[in-house]
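To start, the structure under review is shown below, and the notes come after it.
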C-alpha cells in the first residue's frame, strides 16, 4: 500500500472537509448495518470515529494509515462475502 496514491474518483461540489468525512463514515456505517462489517478508505483524521463505530458495534477494527488516508476494516467478513457496496 506504500506506493498507492488515493484520491476521489468524483470530487464533491463542496470543499467542506466535514461533509466529506461524514460521507465516508456514513458509507462505512451503512455497510456495518447491512452486512455486519465494513472495509474501505477514509481520511486518516477520521480514524477516531472509525474506532468509536467499531466499539459501538462491539467489533474489532484495523486501520492502516498512509499519508492522509486510512484503509479501515471493522468486523470480519466471511471469505467471498460481499461488502455491501454492490
Practice problem: For each of 74, 65, count neighbouring Cβ atoms within 10 Å of the residue's Cβ, then give the residues from fewest to most. | Solution: 65, 74
Quiz item: So how do 53, 27 line up by other beta-carbon neighbours within 10 Å, fewest first?
Solution: 27, 53
Practice problem: Return 76, 9, 50 ranked ascending by Cβ neighbour count within 10 Å, so the fewest neighbours appear first. | Solution: 9, 76, 50
Practice problem: Just check the stretch 39-79 against the gyration tensor rule for me: Cα atoms, a ≥ b ≥ c as the square roots of the eigenvalues, rounded for a/c under 1.5, and otherwise prolate or oblate depending on whether a/b exceeds b/c. | Solution: oblate
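Just so you know, all these numbers are worked out from the coordinates, no wet-lab data involved. Not measured: the values here are computed from a predicted model. Because the Cβ atoms are built from the backbone with ideal geometry, glycine has one as well, and the counts that use them run over all protein chains shown.
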